[in-house]
1. Test of understanding: ordering 203, 462 by Cβ neighbours within 10 Å, fewest first, what list do you get?
2. Can you give the convex hull volume per residue for the Cα atoms of region 340-495, as a whole number of Å³?
3. Take the alpha carbon atoms of region 224-243, find their center, do the same for region 44-115, and report the distance between the two centers in whole angstrom.
4. So if I average 1/r over every pair of distinct C-alpha atoms in region 31-76 and take the inverse, what Kirkwood radius in Å does that give?
5. Take peptides 171-177, 436-442, 418-424 and line them up by average Cβ neighbours within 10 Å, highest first, as a rough protection proxy.
6. When the expected Rg is taken as 2.2 N^0.38 Å, what fraction or multiple of it is the alpha-carbon Rg of region 365-457?
7. Compute the distance in nm between two label points, each set 7 Å from the Cα along the Cα-to-Cβ direction, one at residue 148 and one at residue 110.
8. In whole Å, what three semi-axes, largest first, describe the equivalent ellipsoid of region 50-191 built from its Cα gyration tensor (square root of 5 times each eigenvalue)?
């Protein structure tokens, strides 16, 4: 029998390559956008639009990916019926949503402070519906352990997006009309999203329009708490950009007695600066996303393994070490990574990058822990944790954005993810105990923070000395992890 850890690592490597290539290509869009949109306020508009996309892409698949994995793991001989019903459910939800978008696009545009750009709303609606409908066929590939096919579809879609962005923005864009560039970006995204259903066309052709209402009812009952948790979770991840736009607009308008146009320009500029620097913290997110694609089916597939708890604990050790390493790598080399934003107008936000990196470390640990309520079927606890985090996110942003701007959003993200991590651990130990190695967590996490603190105390100026010292500390961290994780004959391996 193959080693399950090696299987997870192998699939994570393939999914990771997919996500890394996709995100790296998307990451390359950042310097392109910053170059094309020299004024941060225009990039701010894009960031606000895609913050809304993030909300919808969590809501519209209706958690049917995880639901499909759960029901398939319980009834492996009934996979096709489970897939057909989950797929039809998602299609129905998205058809209804897009009809609402077509009927109410002007109202949505007014709500987003973009009253003259309702075409943005229609394009966004089409994009999220295509992505949501494609989610189930892609989940089916993951359940069948076909990461290469999954990777091919994802990379092709991203490649089309990149190529179209370059062609449209360099070949046809007039930078005196920034709204034209935004339309080009949305059209490129729409066409790239269309690639996914085309490449999984067989699942659409084989679709049978026959619903098993009892099965759908059971799946929806399982999914609703996950949808709530996912929706609340995305509040923690992206609501800050929406609130920054709204709250800074209102604050600037009232305190500075300026025109609505000037206030909106200021708020969008701040969103643009914050969003560009948020991208630099995406390296932890890239690792997390790659890991998530492989880990979720892996956890369910090993749910009946007698040594599952030991296995999950070992996976957690490796994961914590990996995300802490990425935190150090980016934080210690921020003077290099900042050149991915080739416009100094955006560099005012570099101070949020280490805060957001650390926040994503907590998020990754929380995701790892969250498997306890998915495996036990107690998904309501995921909803409780996410709702609590969402309420805290909203409160912190409302209280402190008018005073501290986007720095408040970064710290709010850190506090919320840390709180969710602790809450999940406490509840998990009560309802589905997994004996995690807290000593290793404290060692890896504490060492990473200590090394980061030392660099701040040294106050090294930019240059070769800073580069050598910072990266020598990264090697120290890698050395400690290697010593701790290397099996020896003299002592039993600690999990």
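1. 462, 203
2. In region 340-495, the Cα convex hull volume per residue is 162 Å³.
3. Comparing the Cα centres of region 224-243 and region 44-115, I get a distance of 14 Å.
4. About 13.3 Å for region 31-76.
5. The densest-packed peptide leads the list: 418-424, 436-442, 171-177.
6. 1.29
7. Once both label points are built, they end up 5.5 nm from each other.
8. Three semi-axes, in Å: 33, 20, 9.
No value in this document is a laboratory result; all are computed from the given coordinates. Owing to the predicted nature of the structure, the values given are computational and were not obtained by experimental measurement. All Cβ positions, glycine included, derive from the backbone under ideal geometry; neighbour counts span all protein chains shown.
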